[in-house]
Amino acid sequence: MAGSTTGLDLGLLVLRLAAGGFLLPHALGKLFGWFGGPGLSGFAEELRGFGLPAPAPAPLLLAVVQVLCGLAVLLGWQTCAAASVAALFLATTAVLALPKGWFWMHGGIEYPLFWTMALLAIALAGPGALALQSL
């Protein structure tokens with residue numbers, strides 16, 4: 001399979017399913033409080049905890065954009081734009097975690113940086129043929 005377009009398309013599908021599939025529940029947790037997430041008020045508190053402004057409707061808009069990006073990456077629709085915006089979210093998270101060092105187990109940048117790189121790979125490579133926008 002290596003070197004074939006089928007292998008590449010399957011690889012991009014797996015990468016999209018992982019990146020979108022991991023991003024979406026986190027975003028839904030911010031938006032609706034699902035999956036043990038903080039909901040909008042808790043998300044606003046998280047933003048303020050990082051020293052960021054969180055006036056209404058900023059947390060709502062950020063959560064909605066993150067939900068839409070996760071769903072778009074997962075389905076392969078407007079993939080390059082959605083993955084780029086999602087990568088920006090995760091890169092911001094990595095920058096905010098920088099004072100805590102590398103390891104995620106200590107709150108560091110390792111995990112958000114990994115997902116930033118995965119989303120950038122999708123943004124650069126595109127969704128592949130097994131995507132909604134390829135139909």
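Every number in this text was worked out from the coordinates using simple rules, so none of it is lab data. Computed from a predicted structure; not experimentally measured. Methodologically, a virtual Cβ is constructed for each residue, glycine included, from the backbone with ideal geometry; neighbour enumeration extends over all protein chains shown.
Annotations
- Each residue in Thr5, Thr79, Thr116 was given a count of other beta-carbon atoms within 10 angstrom of its own, and listing them fewest first yields Thr5, Thr116, Thr79.
- Rounded to the nearest 20, the Cβ-based charge dipole of the chain about its Cα centre (Lys and Arg +1, Asp and Glu -1) stands at 80 debye.
- Distance from the Cα centroid of the range 1-70 to that of the range 71-101 is 8 Å (rounded to whole angstrom).
- When only Cα pairs below 8 angstrom with a gap of at least 6 residues are kept, the range 5-134 shows a relative contact order of 29 percent.
- Loop chymotrypsin sites (Phe, Trp or Tyr not before Pro), the range 44-135 (other Cβ atoms within 10 Å of the site Cβ: 10 or fewer; DSSP): none
- Relative exposure of His26, His106, judged by other C-beta atoms within 10 Å (fewest first): His106, His26
- Taking every full run of DSSP H in the chain, the ones that stretch at least 27 Å from end to end by Cα along their long axis and average -0.5 or higher on the Kyte-Doolittle scale are 5-32.
- Convex hull volume per residue for the range 1-113, taking Cα atoms only, in Å³: 118
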